[in-house]
1. Let me spell it out: the conditions are (1) without any contact (Cβ under 8 Å) to a residue 60 or more places away in the chain; (2) not in a strand (DSSP E or B), and residue 286 meets all of them except one. Which number is the exception?
2. When residue 324 is evaluated against the numbered criteria (1) within 20 Å of residue 149 (Cα to Cα); (2) β-branched (Val, Ile, Thr); (3) touching a helix residue (DSSP H, G or I) at 6+ places or on another chain (Cβ under 6 Å); (4) surrounded by fewer than 17 Cβ atoms within 10 Å (Cβ to Cβ), which criterion, by number, is the only one it fails?
3. Starting from the stretch 157-173, keep only residues that are closer than 19 Å to residue 323 by Cα, then list their pairs with residues that are of a type in the set (Asp, Glu) whose Cβ atoms are within a distance under 9 Å, requiring at least 6 positions of separation or different chains.
4. Quick test for you: out of 53, 35, pick the one residue that is away from the ligand (no atom under 13 Å from the Cβ), in contact (Cβ under 8 Å) with a residue 24 or more places away in the chain and not aliphatic (A, V, I, L, M).
5. Taking the stretch 71-117 as the region of interest, how many residues are in a strand (DSSP E or B) and more than 22 Å from residue 222 (Cβ to Cβ)?
6. Search the stretch 117-145 for residues that are on the phi > 0 side of the Ramachandran plot and pair each with any residue that is away from the ligand (no atom under 11 Å from the Cβ) when their beta-carbon atoms are under 8 Å apart and the residues are at least 6 apart or on different chains.
7. Would the stretch 298-307 turn up any residue that is surrounded by fewer than 16 Cβ atoms within 10 Å (Cβ to Cβ), modelled with pLDDT of 95 or more and assigned by TED's automatic domain parsing to the domain that holds residue 181?
Amino acid sequence: MKQRIAIVGFGTVGQGIAEILLNKTAYLNEKYGYDYQVVAIADFAYGNAFNPDGLDLPLMLEEAKAKRKFSKDVTAMDTLTLIRECNADVMCELTYTDLSTGGPAIDHVKAALDSRKSVVTSNKGPAALKYREFAELAESNGVKFLIEGTVCAGTPVINLSEGPLAGCEISKIRGILNGTTNYMLSEMEKGMSYDDVLKVAQEKGYAEADPTGDVEGYDARGKVTILANIVMGVKMDINEVSCKGITKITPADIEEAKSKNSRWKLIGCVEKRDGKVVGSVAPEMVSLSHPLAGVMGATNALTFTTDMLGDVTIVGPGAGRMETGFSILTDLLHIFRTGK
Ligand SMILES: NC(=O)c1ccc[n+]([C@@H]2O[C@H](COP(=O)([O-])OP(=O)(O)OC[C@H]3O[C@@H](n4cnc5c(N)ncnc54)[C@H](OP(=O)(O)O)[C@@H]3O)[C@@H](O)[C@H]2O)c1
């Protein structure tokens with residue numbers, strides 16, 4: 001049976017998963033028997049479209065890439081009505097992240113789960129602020145709420161802990177969760193000032209016009225909260241995670257780290273300490289001998305401390321159209337292969 005998909009937010013990641021589905025249709029079908037239909041797309045910029053028998057995905061992609069409004073199967077339904085009324089099995093929530101309120105994504109996720117549709121998302125808002133509530137709602141409605149892409153994009157972090165590491169007790173997860181700041185710290189080591197490297201990061205599209213979320217550590221704090229809730233299984237509020245960014249790192253600090261055979265990394269950490277789970281984000285001097293020290297540029301990395309394997313470190317991309325699109329694919333496939 002075909003998996004029917006709704007995509008809400010057709011920007012970088014939304015178009016990324018659409019391209020992946022189109023380019024890999026034959027491979028996915030041959031390898032996993034996977035078949036799909038995108039029945040609904042909703043986006044501020046391009047409009048809302050619905051066809052219960054499947055949209056013309058190549059055309060929608062072409063129009064979005066050309067920054068044109070959708071011209072076919074356009075519906076007057078607003079996004080929440082479309083999510084509730086469409087015949088999708090899964091809704092991919094790919095609108096912008098708002099770590100203060102969750103933004104419209106909270107309502108999108110709720111509408112999908114309420115109408116017994118699974119949700120797959122790379123949006124940290126619903127995952128960091130309402131993971132437990134949504135996981136319980138999904139469970140009671142017999143559907144899934146999957147969030148692999150919210151931490152380290154498609155690099156398997158959540159699936160790693162739930163799949164291959166299942167059975168290991170994880171006492172600590174510690175790593176580089178924000179590619180922008182890791183890129184900035186890497187460049188500062190080469191002699192650039194904080195202000196200059198921020199400008200370059202913005203020019204390269206790593207940092208946004210308002211870089212606060214990255215440089216103050218808020219983005220990493222959202223991810224630490226997600227890891228605490230999903231991997232450590234505790235109910236942790238985002239405000240319980242202590243948070244310090246990289247804005248105060250000076251050239252003198254960089255030199256000090258070098259003299260100690262170390263380098264600065266913005267480290268997100270969640271660990272079991274004295275029977276409690278504690279979350280933090282802060283710059284740390286990491287010894288050059290540690291695997292995390294070798295992770296440079298916009299790459300992400302996480303070390304899981306486990307009872308049976310000791311430390312297991314995974315390194316991979318933390319952003320990107322295909323890289324995050326892949327996280328959506330992996331969750332879609334999981335739903336397809338295991339049923340709702
Ligand atoms: N890009 C990455 O590498 C990456 C990596 C990990 C996680 N993520 C997360 O994945 C999500 C999607 O990221 P992205 O890079 O694809 O963002 P994006 O390029 O900004 O795309 C988001 C799209 O959603 C639309 N939109 C905003 N609010 C909407 C609403 N209420 N209803 C319908 N459409 C709405 C936007 O339209 P307008 O532009 O007109 O507002 C835009 O077209 C974000 O939550 C992001 O944090 C992204």
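The values are calculated or read from the model by the stated rules, or taken from the named source; none is laboratory data. These figures come from a predicted structure and were not determined experimentally. Please note: Cβ atoms are built from the backbone with ideal geometry, for glycine as well, and neighbour counts cover all protein chains shown.
1. Failing condition for residue 286: (2).
2. Going through the list (1) within 20 Å of residue 149 (Cα to Cα); (2) β-branched (Val, Ile, Thr); (3) touching a helix residue (DSSP H, G or I) at 6+ places or on another chain (Cβ under 6 Å); (4) surrounded by fewer than 17 Cβ atoms within 10 Å (Cβ to Cβ), residue 324 breaks only (4).
3. Matching pairs, first to second residue: 157/148; 158/148; 159/148; 159/331.
4. The conditions single out 35.
5. The qualifying residues number 2.
6. From the stretch 117-145, the pairs are 142/116; 142/340.
7. yes
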